[in-house]
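K.L.:
Pasting a structure below so you can have a look.
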Amino acid sequence: MWWYLLLALLAAEGALYFAAGWAAEGCRREARRDFNAAAARWLEVDKVPYAGLINRYARQEGVSAAVVAAIIRSESSFQPRAVSRTGAAGLMQVIPGTWREVNARAGICAGRHGGDCGPECYFDPELNIRVGTAYFAALTRQYHGDLVLALAAYNAGPGAVDKSGGVPPFPETEEYVGRVMAYWHAFAGRPVPAGGLDGERWEEARRAAAKAAAGTLVVAVFAAAGLRRRHRSWRWR
């Protein structure tokens, strides 16, 4: 009898895992819809480093300064000389290929650092904010004003977003989008909506169910091996 109880427990934990994942995804969709509607409106910042530069170039590119500030907070914590393991540099963690692409299109570095805009200018706060903001604005236009998809593309690349037809199912990208949204709410002085908080709770429940199911599965494997040795059969009595 206990064997069947063990299997029933494993099935219940698996069902909870999938149900919690479904609920978490629903809450994320609700929070993202709310963010897209609210963050599309212009909102300047004043109590963050480089606020003047952020406001100037965000307005110039037609995106909310609060969203740009949230990206910078998430990418580099406002550290102008930050460098990632993938070579992204500066406040907005722009990779060299993207830097060259944006600079070639917009001529941002003309007259600065010889116009070449190589590694020596990646750490220039003004240039980095200009290039990063211009790139994010281009992504926003590419995805027809969907800020969530633009953020996902900023992190994972447009190719990954296009291939998945939405936010790519990468834990790093999903966490990044949620983190930027949370920082935007902080800069905007808005409480995180209930959907976002509920999504976090459901995600925690999903992780707990996964751990519990893994433990139950280990017990089931050992129990199955023992019963197999005892009864010489997979038909338990």
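None of the figures in this text is laboratory data; all of them are computed from the coordinates on show. For clarity, every value in this text was computed on a predicted model and none was experimentally measured. FYI the Cβ positions are ideal-geometry reconstructions off the backbone, even for glycines, and counts take in every protein chain you see.
K.L.:
What list of ³J(HN,Hα) couplings, whole Hz, do you get for segment 51-56 from phi and the Karplus terms 6.51, -1.76, 1.60, once you set θ to phi - 60° and write x for glycine and proline?
P.N.:
Once rounded to whole Hz, the list reads 4, x, 5, 4, 4, 4.
K.L.:
Please work out the Cα convex hull volume for segment 27-96 and give it in Å³ per residue.
P.N.:
In segment 27-96, the Cα convex hull volume per residue is 113 Å³.
K.L.:
Can you tell me the length gained on complete extension of the stretch E172 to S84, counting 0.36 nm per residue apart and subtracting the Cα distance?
P.N.:
Gain on stretching E172 to S84: 30.3 nm.
K.L.:
Here is a further query. Quickly work out the A40-to-A8 label distance, labels modelled 7 Å from Cα along the C-beta direction, and quote it in nm with one decimal.
P.N.:
5.1
K.L.:
Something else now. Under the 0.36 nm per residue contour assumption, what length would be gained going from the current alpha-carbon distance of R105 and R141 to full extension?
P.N.:
11.4 nm
K.L.:
If you don't mind, another one. Are there chymotrypsin sites (Phe, Trp or Tyr not before Pro) in segment 35-81 that DSSP marks as loop and that have at most 15 other Cβ atoms within 10 Å, and which are they?
P.N.:
W42, F78
K.L.:
Something else now. What is the gain in length, in nm to one decimal, between R59 and A15 on full extension, counting 0.36 nm per residue of separation less the C-alpha to C-alpha distance?
P.N.:
11.1 nm
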